[in-house]
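Below: one structure, written as structure tokens.
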Amino acid sequence: MERSDIYACFFFAVTCVVAWYPLRKSKISKHLPPSPKSDPLIGHMRTLMGVTDEPKAYREWSKELGSDIISITLPPGQILVIVNSVEAAHELLTKRSSIYSDRAQTPMITSEKLLGWGNNTGMIAYGERWRAQRRMTHEVLHKKASMKMWPVVTRQVRLSLQRLVDEPSNFSKEVRRMVGSTLLSVVYGYEVTTSHDKLVEVVETAVAGFSQAAMISNFYVNVIPWLQHVPEWFPGAEWKRKANKWRSQTEDMLNMPFEWTRSQMAAGNAPPSMLTSLLAKCTGEETAEEIDALRWATGTLFAVSTSTGGQSAATVLVFIIAMAMHPDIQAKAQAEIDSVLRGTRLPEISDRESMPYMECILKEVFRWKHTVPLGVPHVSTQDDTYKGYFIPSGTLV
């Protein structure tokens, strides 16, 4: 393509956006929830670029505007509705969940041409597959089913304590290994035997790639989705080469432990696990998509909880920090533990009801420092109104 043709296409695209944006804005802006002052064309982009603490800024805007929901506009006309009250959240996300259960699709993360995490249970678009993966997860995580996995958890924790006695200064790495070992056992029935286990490293590598890709503002493809079709050899497409590498790592994360468990089942010596429970219900007539849903249902549980920034590992580390910062609380907790165990044994899950103070400490750890985002954006699937405000289809909530 000649340079003049490229310029012509560019200016045509810009002209279309310039012409279309005011039309869309005039169509819906007068009905939207109140919003801070915005700029022409770019909406609130400049305002958000100066924000360092988004939750705090949203609360302040909500107070200034006198509304428990506010709106923000980003180019090219993307509407965000921020919910700032329990009442609004319950009304929109619970009572009207059939409208607001869809998830935002970020090309760099969800596109099969890029990172390929689009079928992750936490990100998958609302629909039959979303329901199927949620159902699989619930089957093995509800209270009665999860109790069957406690012997595995207990064993891995005790092995970890033994290793910490030998290397107490390496507790951060050991916590991650303990979580990875526990989840591989629970989800796949796989036993980790070394500090540099191949499967643990595969998952940590894949999740590290995801963490980089999750920096939404770092990739223009999230604003201009058709860029995902740019070939990796194209000048300036280093980001595409990274995406292809990360996608390969994602495929390893999904396939390696999954196929290991299937091979163990075929040989008749697979330990009990979440995946063996789900595969045992298969008839052999499942479609490729149904098997892929199994891969993602199990892979999601493992991926989101392990690695450096994983939820489970981070929660344990936050607990350790809290006890170091508050020795008086630690002393009270130790006294309760000693009163139950009397220094003769290690705790069992059956001791939980006898340790209400420890239970409260753990709940406070979850409240004190959130280890995962609690506000993953939802997307409205149809036009709606709330307190007289218009929420158009496709709005991020």
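The values are calculated or read from the model by the stated rules, or taken from the named source; none is laboratory data. Everything numeric in this text was worked out from a predicted model, so none of it was measured. Here the Cβ is made from the backbone with ideal geometry for all residues, glycine too, and neighbour counts use every protein chain on show.
Within region 120-172, if we keep just the residues that are part of a helix (DSSP H, G or I) and acidic (D, E), the residue that is modelled with the lowest pLDDT turns out to be E139.
Of the residues making up region 42-60, those that are over 17 Å from A89 (Cα atoms), touching a residue at least 24 places away in the same chain (Cβ under 8 Å) and not β-branched (V, I, T) are G43, H44, M45, L48.
Candidates in region 195-241 are the residues that are at pLDDT below 75 and among the hydrophobic types (A, V, I, L, M, F, W, C); of these, the one that is surrounded by the most Cβ atoms within 10 Å (Cβ to Cβ) is A213. For region 252-271, the set of residues classified as touching a residue at least 60 places away in the same chain (Cβ under 8 Å) and surrounded by 15 or more Cβ atoms within 10 Å (Cβ to Cβ) consists of P257, F258, W260, T261, Q264, A270, listed by residue number.
For every residue, the table says whether it meets (1) modelled with pLDDT of 50 or more; (2) under 31 Å from the mean Cα position of the chain (by Cα); (3) not acidic (D, E).
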residue	(1), (2), (3)
I6	no, no, yes
H31	yes, no, yes
P34	yes, yes, yes
G43	yes, yes, yes
E54	yes, yes, no
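Residue under question is T344, and the condition is that it be among the polar types (S, T, N, Q), surrounded by 11 or more Cβ atoms within 10 Å (Cβ to Cβ) and out of contact with any Pro (no Cβ under 7 Å at 6 or more places or on another chain); does it hold? It would help to see each step written out before you state the result.
On the way: among the polar types (S, T, N, Q): yes; surrounded by 11 or more Cβ atoms within 10 Å (Cβ to Cβ): no; out of contact with any Pro (no Cβ under 7 Å at 6 or more places or on another chain): yes.
It is false that T344 is among the polar types (S, T, N, Q), surrounded by 11 or more Cβ atoms within 10 Å (Cβ to Cβ) and out of contact with any Pro (no Cβ under 7 Å at 6 or more places or on another chain).
You will find that of E87, E60, the residue that is farther than 17 Å from K37 by Cα, acidic (D, E) and not in a loop (DSSP other than H, G, I, E, B) is E87 and no other.
In summary, Q249 fulfils each of the numbered conditions (1) farther than 24 Å from A104 by Cα; (2) in contact with a Ser or Thr (Cβ under 6 Å, 6 or more places away or on another chain) with the single exception of condition (1).
State whether one or more residues within region 60-75 are modelled with pLDDT under 85, surrounded by 13 or more Cβ atoms within 10 Å (Cβ to Cβ) and not aliphatic (A, V, I, L, M). Yes, region 60-75 contains a residue that is modelled with pLDDT under 85, surrounded by 13 or more Cβ atoms within 10 Å (Cβ to Cβ) and not aliphatic (A, V, I, L, M). Looking only at residues of region 103-146 that are in contact with a strand residue (DSSP E or B) (Cβ under 7 Å, 6 or more places away or on another chain) and closer than 21 Å to F210 by Cα, we find that the one that is surrounded by the fewest Cβ atoms within 10 Å (Cβ to Cβ) is A125. Tell me which residues, restricted to region 377-392, are assigned to a loop (DSSP other than H, G, I, E, B) and farther than 14 Å from D68 by Cα. Across region 377-392, the qualifying residues are P377, S380, T381, Q382, D383, P392. Checking each residue in region 281-298 for being closer than 13 Å to E139 by Cα and not in a helix (DSSP H, G or I) picks out only K281.
Filter region 37-57 for residues that are assigned to a loop (DSSP other than H, G, I, E, B) and either β-branched (V, I, T) or not assigned by TED's automatic domain parsing to the domain that holds L74 (or both) and give the result. Full working, then the answer.
First, pick out the residues of region 37-57 that are assigned to a loop (DSSP other than H, G, I, E, B): 37-38, 40-42, 44, 50-53.
Residues satisfying the conditions are I42, V51, T52.
Taking the criterion of being in contact (Cβ under 8 Å) with a residue 60 or more places away in the chain and either part of a strand (DSSP E or B) or of a type in the set (S, T, Y) (or both), the residues of region 72-81 that qualify are Q78, I79, L80, V81. Answer with yes or no whether V192 is assigned to a helix (DSSP H, G or I), in contact with a Leu (Cβ under 8 Å, 6 or more places away or on another chain), at pLDDT below 80 and over 28 Å from G284 (Cα atoms). In short, no.
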